[in-house]
Amino acid sequence: DIVGAIKAQLPRISVGWRPDGGRIVSNGHTVQGDMPAGSRLSRGERSYDLLQFHFHHPSEHLVEGRRSAMEAHFVHQCADRKNFGVLGIFLASGAANPAFAHIAAAFPAAVGKEAAIAAVDPKGLLPASLAYWTYEGSLTTPPCSEAVDWMLAMQPVEVAAADIARF
């Protein structure tokens, strides 16, 4: 729960994600999109390679006690393979989002199933502003690695209620 955040001058987040095909899998915990190599996120002097994105319903993070309908996590790893950087984006019910609608249409219908997805543009799930909260934490699913730089976007992205229901 993000409460009592301290205002600070944080390094700018720079996203160099490229549209590409990938694989979507329903693993029983979430729906995860595995991305091919070549997309990066930078924050200050740290640079991370995008490994995958996945979703949570409702959001795992709260802001002053309130959850969002969903949350997308973009999981990155440093070149040293020791540290992770996760960018969290709140997804709120509202206007349709073409990028999320494209991904939602490919959600596998059953646990353990996977599907190929063409031309995923993960940048379509980014808010207009990348102002963010940050903290050091861990992954929220096994192996629960503890060397994670969390970056949580303050501005949510609207997605269609029907696409949330599909999840």
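The values are calculated or read from the model by the stated rules, or taken from the named source; none is laboratory data. All values reported here derive from a predicted model rather than from experimental measurement. Virtual Cβ from ideal backbone geometry, glycine too; neighbours counted across all protein chains shown. Surface areas here come from the heavy atoms of the whole protein model, side chains and all, with no ligands, DNA or RNA. Shrake-Rupley method; radii C 1.70, N 1.55, O 1.52, S 1.80 Å.
Inside segment 132-167, can you point out the residues that are assigned to a strand (DSSP E or B) and within 11 Å of Gly85 (Cα to Cα)? Walk me through it before giving the result.
Of all residues in segment 132-167, those assigned to a strand (DSSP E or B) come to 132-137, 148-153, 157-159.
The answer is Thr134, Tyr135, Glu136, Gly137, Val148, Asp149, Trp150, Met151, Leu152.
Sort out which residues of segment 16-29 are surrounded by fewer than 16 Cβ atoms within 10 Å (Cβ to Cβ) and in contact with a strand residue (DSSP E or B) (Cβ under 7 Å, 6 or more places away or on another chain), and write them in order of number. First the steps, then the outcome.
Step one: list which residues in segment 16-29 are surrounded by fewer than 16 Cβ atoms within 10 Å (Cβ to Cβ), which gives 16, 18-19, 21, 27-29.
Passing the criteria: Gly16, Pro19, Gly21.
If I ask for residues that are of a type outside the set (Phe, Trp, Tyr) and surrounded by 20 or more Cβ atoms within 10 Å (Cβ to Cβ), which ones from segment 89-98 would you list? Give the derivation first.
Within segment 89-98, the subset of a type outside the set (Phe, Trp, Tyr) is 89, 91-98.
Ile89, Leu91 - these are the residues of segment 89-98 that are of a type outside the set (Phe, Trp, Tyr) and surrounded by 20 or more Cβ atoms within 10 Å (Cβ to Cβ).
Mind counting the residues in segment 57-74 that are surrounded by fewer than 22 Cβ atoms within 10 Å (Cβ to Cβ), assigned to a strand (DSSP E or B) and touching a residue at least 40 places away in the same chain (Cβ under 8 Å)?
2
Within segment 79-88, track down each residue that is of a type in the set (A, V, I, L, M, F, W, C) and open to solvent by 10 Å² or more (accessible area, probe 1.4 Å). So that I can check it myself, show each step before the final result.
Going through segment 79-88, the residues of a type in the set (A, V, I, L, M, F, W, C) turn out to be 79, 84, 86-87.
Hits for segment 79-88 are Ala79, Phe84.
Output the number of the condition that Tyr132 fails; it satisfies all remaining conditions of (1) of a type in the set (Ser, Thr, Tyr); (2) open to solvent by less than 30 Å² (accessible area, probe 1.4 Å); (3) modelled with pLDDT under 90.
Unmet condition: (3).
Restricting to segment 75-99, give me the number of residues that are within 16 Å of Ser138 (Cα to Cα) and either in a loop (DSSP other than H, G, I, E, B) or not aliphatic (A, V, I, L, M) (or both).
Here is the first cut: in segment 75-99, the ones within 16 Å of Ser138 (Cα to Cα) are 75-78, 81-88.
Restricting the remaining residues to those that are either in a loop (DSSP other than H, G, I, E, B) or not aliphatic (A, V, I, L, M) (or both) gives 76-78, 81-85, 88.
Qualifying residue count for the region: 9.
Would you point out which residue out of His29, His54 is part of a loop (DSSP other than H, G, I, E, B) and under 21 Å from Gly112 (Cα atoms)? Please lay out each step first, then the result.
Details: His54 fails: part of a loop (DSSP other than H, G, I, E, B).
Step by step, each of His29, His54 is checked, and only His29 is part of a loop (DSSP other than H, G, I, E, B) and under 21 Å from Gly112 (Cα atoms).
Surrounded by fewer than 18 Cβ atoms within 10 Å (Cβ to Cβ) and modelled with pLDDT under 90: is that true of Asp34 in this structure? Reasoning before the result, please.
Working: surrounded by fewer than 18 Cβ atoms within 10 Å (Cβ to Cβ): yes; modelled with pLDDT under 90: yes.
Against the criterion (surrounded by fewer than 18 Cβ atoms within 10 Å (Cβ to Cβ) and modelled with pLDDT under 90), Asp34 qualifies.
Do you know which residues across segment 65-92 are of a type in the set (D, E, K, R) and at pLDDT below 95?
Filtering segment 65-92 down to residues of a type in the set (D, E, K, R) leaves 66-67, 71, 80-82.
Hits for segment 65-92 are Asp80, Arg81, Lys82.
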